[in-house]
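All of the numbers you see were taken from the coordinates with simple rules; none came from a lab. Note that this is a predicted model, so its numbers are computed, not measured. Heads up, the Cβs are rebuilt from the backbone with ideal geometry, glycines too, and the neighbour counts pull from every protein chain shown.
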Amino acid sequence: MIPSKKAHLNIAAGTDAGRKGKNNEDQYAVAAFKLNKTEATPVVFAIVADGIGGHRAGEVASNIAVEMICDAVAASDASQPLAIMEAALIQASQAIQTQGSNSESQFGMGTTAITAWVIGEKLYSVHVGNSRLYLLRGRKLVQLNVDHTWVREAIDAGALTTEQARSHPHANIIRRYLGSDVNPEVDLTIRTDRDSHADIDNQGFHLRPGDRLLLCSDGLNDMVVDKEIAELLALPVLDEAVSKLIAAANEAGGKDNITVVILEVPKKPGVKGFWENLRRINPQLAIAYAGLALMGLAVLAAFGMYLYQLLSR
């Protein structure tokens, strides 16, 4: 792929250490490309990694992951996005494990990784760990991946409710991460329906104008419920949405590092796009404008009928 100075998606991102005095062990990156010299299809790749291990080792692990995975994606031809990302995550995991084994201060370090590779209008994503990818379409927020955690397994088994899981003492136990002794199983699914088991078919998921993708570390979703995330993610200005999401996590306690990356498919121009965008941002105002438009049409129709009758005399 060829690096591009201008992305075809609107992008905003930010990170914060939180309020507990922890070193920020989160890392993120966003890059824009074109496929090649003859194929101008636009591409955006984004990744968020949340390091674990303490004593700055988590920061080392997340940095290795982001650099290696970004380099592998950038050097590819994007022909097989899932295979490319899966191989990159495994190679990064091996590199992290090797470095941790050779350093007493970094022993046992690891990191999560969540990716979003948008090629034209198609989304591909893989992940390991509990960093999340959300889709906001209209007013509906959907988590597109599954947390690789003990509590998620307990919820799926019916042993815990979602609310119980938020405060459970095992809430932070991660089942899969980069840097483990064995190669982690990279999750290749995009889940648009939690009850669906055919999630692999959603790779190459078609994005629509106005869609917003949110990549985040668990420092956000552990502190802020999905309903509030949806409300803040829908704010018209992306930079404001980023800052308000981070602020909400800190106001709720800021127990961990908080990283937020937002990718937005540009909205449609023209009259049709105006109504779609207005309906998405402010449904009540859209209804009011529609009512005024109908009243205007009724007045024009009445005036036209009056002219017709006048000229027919």
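Looking at region 86-134, the chymotrypsin sites (Phe, Trp or Tyr not before Pro) that sit in a DSSP loop and have at most 16 other Cβ atoms within 10 Å of their own Cβ are Phe107. Taking each residue as 0.36 nm, the span from Asp193 to Ala159 lengthens on full extension beyond its C-alpha to C-alpha distance by 10.2 nm. Distance between the 7 Å Cα→Cβ label points at Thr41 and Arg166: 4.1 nm.
Per residue of the chain, the DSSP helices (runs of n ≥ 4 H) give a summed -39500 (n - 2.57) that works out to -12000 deg cm²/dmol at 222 nm. Between Asn23 and Ala75, residue separation times 0.36 nm minus the direct Cα-Cα distance comes to 15.6 nm. With 25 Å as the limit on Cα-Cα distance, the pairs of Lys5/Lys140; Lys20/Lys140; Lys22/Lys140; Lys5/Lys37; Lys5/Lys227 that go past it are Lys5/Lys140; Lys20/Lys140; Lys22/Lys140; Lys5/Lys227. For Ala12, the residues whose modelled amide H falls within less than 5 Å of its own, excluding neighbours fewer than 5 places apart on the same chain, are Ile262. Over all other residues within a Cβ to Cβ distance under 10 Å of Gly51, the charged ones net out to -3, with Lys and Arg as +1 and Asp and Glu as -1. With 0.36 nm allotted per residue and the present C-alpha distance subtracted, the Glu240-Met295 stretch has 16.2 nm of extension available. When each full DSSP H helix of the chain is screened for a Cα extent of at least 24 Å along its own axis and an average Kyte-Doolittle hydropathy of at least 0.0, the helices passing are 57-74, 81-101, 283-312.
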